[in-house]
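These notes concern the structure reproduced below.
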Amino acid sequence: MSLPKIVICGDIVWAHDELQQMLGSTTEIVRMDCQSRKEFLDNLGLNGKYGNVVGFYRHNSSADRIGIFDAELINALPETCKWIAHNGAGYDQIDVHACKAR
């Protein structure tokens, strides 16, 4: 049986080893390598590299490539997605209403 997948969108500046140590034995950690929002959306499908993902960790640095987690992006996430974590303050980078509606 395969491990649940999480996607890291953006940079983890100081804790690369700690992330692998804490989650590496229980999850498959996938680093987002898309250069555009369209490419990211295209890869969210069931057979895409971000299909069947259970969670997304997002850093502000990913906004330059994929934008904010707005309704369009949230509605495109795979049904398997159970959580989105944002490294930052406030709720302006993730559309909370779209998450709740989903």
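The values are calculated or read from the model by the stated rules, or taken from the named source; none is laboratory data. Keep in mind that this is a model prediction, so the values were computed, not measured. With ideal geometry, Cβ positions are generated from the backbone for all residues, glycine too; neighbour counts draw on all protein chains shown. The protein model used for the area step is the full one, side chains on, heavy atoms only, and it has no ligands, DNA or RNA in it. Shrake-Rupley method; radii C 1.70, N 1.55, O 1.52, S 1.80 Å.
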task = Could you run through segment 64-85 and say how many residues are aliphatic (A, V, I, L, M), in a helix (DSSP H, G or I) and farther than 16 Å from Asp33 by Cα?
result = 4
inquiry  = Condition first: at pLDDT 95 or above and of a type in the set (Lys, Arg). Now tell me which residues in segment 8-41 satisfy that.
reply    = Arg37, Lys38
ask   = Within segment 17-25, can one find any residue that is open to solvent by less than 80 Å² (accessible area, probe 1.4 Å) and in a loop (DSSP other than H, G, I, E, B)?
value = yes
key: Pair list, Cβ under 6 Å, 6 or more apart: segment 85-102 residue in contact (Cβ under 8 Å) with a residue 40 or more places away in the chain, other residue assigned to a strand (DSSP E or B)   = Asn87/His59
task = Would you tally the residues in segment 34-63 being free of Cβ contacts under 8 Å to residues at least 24 places away in the same chain, loosely packed, with under 11 Cβ neighbours inside 10 Å and part of a loop (DSSP other than H, G, I, E, B)?
result = 1
ask   = Restricted to segment 64-75, and to residues that are of a type in the set (A, V, I, L, M) and out of contact with any helix residue (DSSP H, G or I) (no Cβ under 6 Å at 6 or more places or on another chain), which residue is surrounded by the fewest Cβ atoms within 10 Å (Cβ to Cβ)?
value = Ile68
remark   = Being β-branched (Val, Ile, Thr) and closer than 22 Å to Val96 by Cα narrows Thr26, Thr80 down to just Thr80
key: Whichever residue in segment 76-98 is of a type in the set (Asp, Glu) and either within 22 Å of Gly45 (Cα to Cα) or under 13 Å from the mean Cα position of the chain (by Cα) (or both) and, among such residues, is most open to solvent (accessible area, probe 1.4 Å)   = Glu79
